[in-house]
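Chemist: Below: one structure in structure tokens.
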Amino acid sequence: MKLVTVCGPPSSGKTAVILKALEAFADRGLKAGVVKFDCLSTEDDVLYEKAGIPVKKGLSGPLCPDHYFVSNVEEIVQWGRSQGFDLLVSESAGLCNRCSPHIKEVLAVCVVDNLSGVTTPKKIGPMLKMADIVVITKGDIVSQAEREVFASRVAAVNPKAAVLHVNGLTGQGAFELSSLFDDEEREVESLIGYQLRFTMPSALCSYCLGETRIGESYQMGNVRKMKID
């Protein structure tokens, strides 16, 4: 079974892109499923069900969704294999720009949108910089010049990635994306022993453990202070 990790900032169009790509994937007679990770709630699983795509939903609650993902990803791979999928897509929550949900030797996709601003690509960390494919959405809303500038900023941050423009409403560009999903060299049976492409955001402080009071006397563990002259 092939595995693809799809991530990106909130409301960048991840679900719409996946739906259109899997529609093209199914047209080739292949079977795909999705696991949707989110924080507090999501209705994206309903959209997948309406499209006839098998889906599982995982909510991280008070935990970092990235850490929740990596703690459960092996189990979702085994679920996908038990279902006989040719492809399993792991869709992240709308992650913070420091998140790192990509795995070595597993196809990694980052979705960003033209409306986020031309300076956004350089603000995004490993989930963009270490992706194999960067999908740019909402190109129909901005001018050609803005699309080209945004794409050049993406290429400057990650020059090795394939950059695709996909319209989540019409599906334009989705077939090309689905063809990149169908890579025979990336089949996996288990992720045990695989490595993340970059370390997760690190935090283990009193606030992680439920502290709500403000002040240095209540802060302990992994605490980082600003330098204020």
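Chemist: Residues in region 52-68 that are surrounded by 15 or more Cβ atoms within 10 Å (Cβ to Cβ) and either touching a His at 6+ places or on another chain (Cβ under 8 Å) or under 30 Å from LEU30 (Cβ atoms) (or both): how many?
Modeler: 11
Chemist: Within region 147-161, identify whether any single residue is of a type outside the set (D, E, K, R), modelled with pLDDT of 90 or more, closer than 25 Å to ASP86 by Cβ and surrounded by 13 or more Cβ atoms within 10 Å (Cβ to Cβ), and answer yes or no.
Modeler: Scanning region 147-161 turns up at least one residue that is of a type outside the set (D, E, K, R), modelled with pLDDT of 90 or more, closer than 25 Å to ASP86 by Cβ and surrounded by 13 or more Cβ atoms within 10 Å (Cβ to Cβ).
Chemist: With the structure loaded, tell me whether ALA174 is among the aliphatic types (A, V, I, L, M), surrounded by 13 or more Cβ atoms within 10 Å (Cβ to Cβ) and either modelled with pLDDT of 95 or more or within 28 Å of SER71 (Cα to Cα) (or both) or whether it fails that test.
Modeler: For ALA174, the condition - among the aliphatic types (A, V, I, L, M), surrounded by 13 or more Cβ atoms within 10 Å (Cβ to Cβ) and either modelled with pLDDT of 95 or more or within 28 Å of SER71 (Cα to Cα) (or both) - is not met.
Chemist: Ok, one more. LEU204 - would you say it is surrounded by 13 or more Cβ atoms within 10 Å (Cβ to Cβ), in contact with a strand residue (DSSP E or B) (Cβ under 6 Å, 6 or more places away or on another chain) and touching a residue at least 12 places away in the same chain (Cβ under 8 Å)?
Modeler: Values: surrounded by 13 or more Cβ atoms within 10 Å (Cβ to Cβ): no; in contact with a strand residue (DSSP E or B) (Cβ under 6 Å, 6 or more places away or on another chain): yes; touching a residue at least 12 places away in the same chain (Cβ under 8 Å): yes.
For LEU204, the condition - surrounded by 13 or more Cβ atoms within 10 Å (Cβ to Cβ), in contact with a strand residue (DSSP E or B) (Cβ under 6 Å, 6 or more places away or on another chain) and touching a residue at least 12 places away in the same chain (Cβ under 8 Å) - is not met.
Chemist: On the given criteria, is ILE192 under 22 Å from MET130 (Cα atoms) and in a loop (DSSP other than H, G, I, E, B)?
Modeler: yes
Chemist: Output the residues belonging to region 51-63 that are in a loop (DSSP other than H, G, I, E, B) and either more than 19 Å from LEU95 (Cβ to Cβ) or out of contact with any Cys (no Cβ under 8 Å at 6 or more places or on another chain) (or both). Before the answer, list the steps.
Modeler: Going residue by residue through region 51-63, those that are in a loop (DSSP other than H, G, I, E, B) are 51-54, 60-63.
The answer is ALA51, GLY52, ILE53, PRO54, PRO62, LEU63.
Chemist: Exactly one condition in (1) touching a residue at least 24 places away in the same chain (Cβ under 8 Å); (2) buried (at least 17 other Cβ atoms within 10 Å of the Cβ) is not met by LYS122; state its number.
Modeler: Of everything listed in (1) touching a residue at least 24 places away in the same chain (Cβ under 8 Å); (2) buried (at least 17 other Cβ atoms within 10 Å of the Cβ), LYS122 misses just condition (2).
Chemist: Please list, ordered by residue number, the helices (runs of 4 or more DSSP H) wholly in region 68-166 having 1 or more residues that are among the hydroxyl-bearing types (Ser, Thr, Tyr).
Modeler: It comes to 120-123, 144-157.
Chemist: Right, next: Test of understanding: among LEU204, LEU164, LEU115, which residue is farther than 29 Å from MET1 by Cβ and modelled with pLDDT of 90 or more?
Modeler: Among LEU204, LEU164, LEU115, only LEU115 is farther than 29 Å from MET1 by Cβ and modelled with pLDDT of 90 or more.
The values are calculated or read from the model by the stated rules, or taken from the named source; none is laboratory data. Note that the coordinates shown come from a computational prediction; the quantities given were computed from them, not determined experimentally. Here Cβ is always computed from backbone atoms with ideal geometry, including for glycine, and neighbour counts include all displayed protein chains.
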